[in-house]
Amino acid sequence: MKIKLQLYILGKVMAIEGILMLLPVICGLLYGELRNSVIYALFAIFFIAIGLLISRKKPEKVTIYLKDGCVATALSWVALSILGALPFVVTGEIPSFTDAVFETASGFTTTGASILTDVEAMSHISLMWRSLTHWIGGMGVLVFLLAVVPMAGGSNMNLMKAESPGPSVGKFVPKVRTTAKALYLIYFALTVIEILVLCIAGMPVFDSICSAFGTAGTGGFGIRNDSFASYAPHIQWIVAVFMILFGVNFNFYYLIIAKQPGKAIKLSEVKVYLAIILISTVTITINILNMTNGSAEAARHAFFQVATVITTTGFATTDFDKWPTLSKFLLVSLMFCGACAGSTGGGIKVSRFQIRAKMFLREIGSYINPRAVKKVQIDGKAIDPELERSVSTYFFVFLSIFTASAFILSFEGHDLVTTFTAVAATINNIGPGLSMVGPTSNYSFLSGVSKWVLIFDMLAGRLELFPLIIFLTPMTYKGAFKGLFSKKAG
Amino acid sequence: MAKKGLRIIVVGAGKVGDTLVNRLADEGHNLVIIDKNEERLTQLANLCDCMCITGSGASHEVLVEAGISDTDLFISVTESDELNLLCCTIAKQFNKNLSTIARVRNPDYISEVNYLRSKLGIEMIINPEYEAAVEASRLLFLPAALSVNSFAHGQAELVKIQIPEGNILDGKTIAYLGQNITNDILIVGVERGADLTIPNGSFELKSGDIISYISTRKTNFNFLKSIGFNTRSVKSSLIVGGGTCAYYLADLLIKSGIDVTIIEKDVHRCEDLCDLLPKATILKGDGTNESLLEEAGIKEVDSVIALTGLDEENIMLALHTKAVSTAKAITKINKITFTEAIESLKLGSVIYPKYITAERIISSARSRQAKIGSNIEVMYSLFSDRAEACEFKIKEASRVTGIMLKDLQLKPGVIISFIGRDGKIIIPTGSDQINIGDNVMVVTTSKGFTEISDILR
């Protein structure tokens, strides 16, 4: 453990948060929200100053081992959530600290679960900040850090590994920094395109920007109480398509930019992902046909809801809590499935299911031909046994955290569906669940303890469980403070 | 401004590959590593900013995946000489502008290096064992020097010595040295403690300083003699371990008339060495056997060179030599990297073949990078990267040509170390001048020169 390195990264992350906070300040000034703008601006300057102060000493060339990467990531995300919550508390728009942290953690982890009962009462500046947290959290703040701050040594790959979604994290190009830049470039370009398309489609500029941030990070904070239900149908279609685009593995876009579309099309994960969307949409459309005015509306609602759940965004165009059990069940299953690895989406990830399914088939094969030697392959490449092991462990850890969280929540005495989907919707970073936490409701009725449990789930889900667990394991810090104390003693 | 890194493919993630990749990544190049061993690649990828591909470096498909067509430099350092040559040959087919570097160790091929280079279009064939032997032999020919490196295609030498207590140079300025001792050498760097200075005429030397100077081989001996150094080469050498490196070294030493004794364990290898080196004394036995060493004359010889395959054995041998004899000890270390521990043992001269190899390849990459958008012909890095030596070819008249050097307003930390004119090396004095057609070697602590006129204020 390297305390100085952790402080350096933490400082940089704080400074970045401060700089990004200036964007809502501009927005607030445009809308004439002077009091709030001043509060946000003061926080921004404060974060930048403290951040630069902490990180003014660049550590000597150090190697970032995997555990350092995990701790730095977890620490950064916890800090982001808590610091980002402060303006909400001070402006008085979310007076409770727990609620404000819940809202911000939900933003950064791109969950989109809200405790706000009346979103439309919020000031523009706070709405913008809420949506911006989605955008920052979508691609990850450390990836941003790697793209803009030159870091010594090659071991910073361990930072990216800890933050990026998916079982295995690869690079497009030899350098981490170039990879991080490419990722953010694609991300930024897609976001800008979405803003433009939405503006052209007739959405107000402020709504377009906030919705695009929410879609890009696959977050799900709406700026209207009914999420997307009151927008025109063609806008709903556009947003649904963009949600699916942001749930695609970013390797896909890189390969297209690198003029290797042949390879891009061959990515099996993307194919499986699109197939799941198609099948679910068709099934749900047929299932809800008699509840809607015509097949076009059924298809639109089905497509939008499938897109919003599989990409773990969490917008809604209709109250799917009222849908038949088959449709609801499908949506809950999709919550766990999640988007592609290497996208901005959450959930368990399509590729993990792919690997697990192929391992299962191999297991079946080994009963039939016990001596057969077979390796699990994805896209024509054998999967490393290490990766197989980590995927298997992931499922177990996921299940454990899920069960433990649901157990704590069940003390509140709500119905099973509420308890179950509240945890599912937060650990998978979706947002709305079913029943009492359905698309038309929110999480404000839960107790403080339950909210903190869900905050943990959101962070654990976004960071793919392990970084947060490593962060909380005392063994990680063995010997970390030794140097510090002995220096003081001497 | 930082220079744009080259795109480099390295095949083989072994000892040399590992060192090489880490160093090249630190210099900001874009690296792709190809190796068959996935575990080694994973280890490398975790700690180093590079992209790894599992597969054979001689495979067409793998090379395409690595992006061979827009690569600048291709380095093959696998265990097998033949595979290295094959990889380079195949890589060359994609891209005629590609520079290829192959590691070839087998003595059978070494006599054919020039043929291989011209026919296969390989830019550089590097032989770690041979390089190590050459470095060892330089130290044996001039035991007084800390290091001797050849420079400018072997025409000049960069010699490093430490000024001992009470030497005549102690307390003298560089100008005094030029006026009273010799004008044939030029001090390009003085290391005092942790500081490096590129000295001017008024710089005062002190005992304990480590000075680096440029000279030709002949003038070097005269200079060292005139300041009271022993310039005799060793007369006899005891080499422990009879591997490839030992063969190369023995060959070089015997050609210069030095008496060589080799101790080798394996009887078949002994017989081979007898055939290859008829003038050497070959002893069959274990080099760690104290009585055998005594019998071989460890107390009488001028130098003991530990070249066995085991680093630990080599280190023990060097320590033993220091304990029982006054001979100069040279230790070869292949694998282990406990640099601090090894330094604290004060073994004397230590040779690391993998660092020598990596250094050669890196300087080649540097020089290629420096050539992009500049007039630099060759570039060397000196004093552990704290200074650069750049060779410029003077093609046209400019602010530096036709003016006596003493009248040039040079930037601080810049020295014109030699001028190559008509195939001869001139160690310049203030009254020399740069002409069109010269090659000029500039040593400087400020980096990033692209034109010869950059040396001026």
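The values are calculated or read from the model by the stated rules, or taken from the named source; none is laboratory data. Note that the structure is a prediction, hence the values are computed from the model and not measured. Cβ: placed from backbone, ideal geometry, glycine included. Neighbour counts: every protein chain shown.
Quick notes on this structure:
- Filter result for B:D266 (in the same structural domain as B:A329 (by TED's automatic domain parsing), among the acidic types (D, E) and touching a Phe, Trp or Tyr at 6+ places or on another chain (Cβ under 9 Å)): no
- Yes/no for B:K354 being over 23 Å from B:S212 (Cα atoms) and surrounded by 19 or more Cβ atoms within 10 Å (Cβ to Cβ): yes
- Within this structure, B:L63 fails the test of being in a helix (DSSP H, G or I), surrounded by 20 or more Cβ atoms within 10 Å (Cβ to Cβ), within 14 Å of chain A (Cβ to nearest Cβ) and modelled with pLDDT of 85 or more.
- Out of B:L120, B:L139, B:L116, sole residue that is more than 30 Å from B:P428 (Cα to Cα), touching a Ser or Thr at 6+ places or on another chain (Cβ under 9 Å) and outside the structural domain of B:A327 (by TED's automatic domain parsing): B:L120
- Just one of the numbered conditions (1) crowded, with 21+ Cβ neighbours inside 10 Å; (2) touching a Ser or Thr at 6+ places or on another chain (Cβ under 6 Å); (3) closer than 25 Å to A:M458 by Cα is not true of A:K67: (1).
- Note on segment B:95-115: among residues that are touching a residue at least 40 places away in the same chain (Cβ under 8 Å) and part of a strand (DSSP E or B), the one that is farthest from B:N84 (Cα to Cα) is B:S99.
- Test: B:L283 is in contact with a helix residue (DSSP H, G or I) (Cβ under 7 Å, 6 or more places away or on another chain), of a type in the set (A, V, I, L, M, F, W, C) and surrounded by fewer than 21 Cβ atoms within 10 Å (Cβ to Cβ): yes
- Helices (runs of 4 or more DSSP H) contained entirely in segment A:100-165, each with at least 1 residues that are among the aromatic types (F, W, Y): A:124-139, A:141-148
- B:L6 vs. criteria within 26 Å of the chain's Cα centre (by Cα) and either more than 9 Å from chain A (Cβ to nearest Cβ) or of a type in the set (A, V, I, L, M, F, W, C) (or both): yes
- Considering each residue of segment B:144-165 in turn, none proves to be in a helix (DSSP H, G or I) and modelled with pLDDT of 80 or more.
- If the condition is being farther than 19 Å from B:S233 by Cβ, over 16 Å from the mean Cα position of the chain (by Cα) and among the aliphatic types (A, V, I, L, M), then segment B:140-174 contributes B:I163, B:I168, B:L169, B:I174.
- Candidates in segment B:20-55 are the residues that are facing chain A (nearest Cβ under 9 Å) and in a loop (DSSP other than H, G, I, E, B); of these, the one that is surrounded by the fewest Cβ atoms within 10 Å (Cβ to Cβ) is B:G28.
- Some residue of segment B:66-77 being in contact (Cβ under 8 Å) with a residue 24 or more places away in the chain, surrounded by fewer than 22 Cβ atoms within 10 Å (Cβ to Cβ) and away from every other protein chain (no Cβ under 14 Å): no
- Looking at B:F418, B:F383, just one residue is in contact (Cβ under 8 Å) with a residue 40 or more places away in the chain, under 19 Å from the mean Cα position of the chain (by Cα) and not assigned by TED's automatic domain parsing to the domain that holds B:L98, and that residue is B:F383.
- Residue tally, condition closer than 18 Å to B:S137 by Cβ and β-branched (V, I, T), over segment B:255-280: 4
- Lone qualifier among A:I82, A:I26, A:I9, A:I16 - being in a helix (DSSP H, G or I), more than 14 Å from chain B (Cβ to nearest Cβ) and without any contact (Cβ under 8 Å) to a residue 12 or more places away in the chain: A:I26
- Looking at A:I276, A:I364, A:I310, just one residue is over 19 Å from the mean Cα position of the chain (by Cα) and within 23 Å of A:A424 (Cβ to Cβ), and that residue is A:I276.
- Helices (runs of 4 or more DSSP H) lying entirely in segment A:170-257 (those with 3 or more residues that are within 14 Å of another protein chain (Cβ to nearest Cβ), touching a residue at least 12 places away in the same chain (Cβ under 8 Å) and surrounded by fewer than 21 Cβ atoms within 10 Å (Cβ to Cβ)): A:176-200
- Scanning segment B:78-94 for residues that are in a helix (DSSP H, G or I), buried (at least 18 other Cβ atoms within 10 Å of the Cβ) and not aliphatic (A, V, I, L, M) returns B:D81, B:N84, B:C87, B:C88, B:T89, B:K92.
- Which numbered condition A:V417 fails, given (1) over 27 Å from A:F228 (Cα atoms); (2) out of contact with any Pro (no Cβ under 7 Å at 6 or more places or on another chain); (3) in a helix (DSSP H, G or I); (4) away from chain B (no Cβ under 14 Å): (1)
- A Cβ distance below 6 Å, combined with a sequence gap of six or more or placement on separate chains, defines the contacts here; from segment B:302-316, residues that are in a helix (DSSP H, G or I) reach residues that are of a type outside the set (S, T, Y) in the pairs B:D311/B:I333; B:D311/B:N334; B:D311/B:K335; B:D311/B:I336; B:N314/B:A306; B:N314/B:K332.
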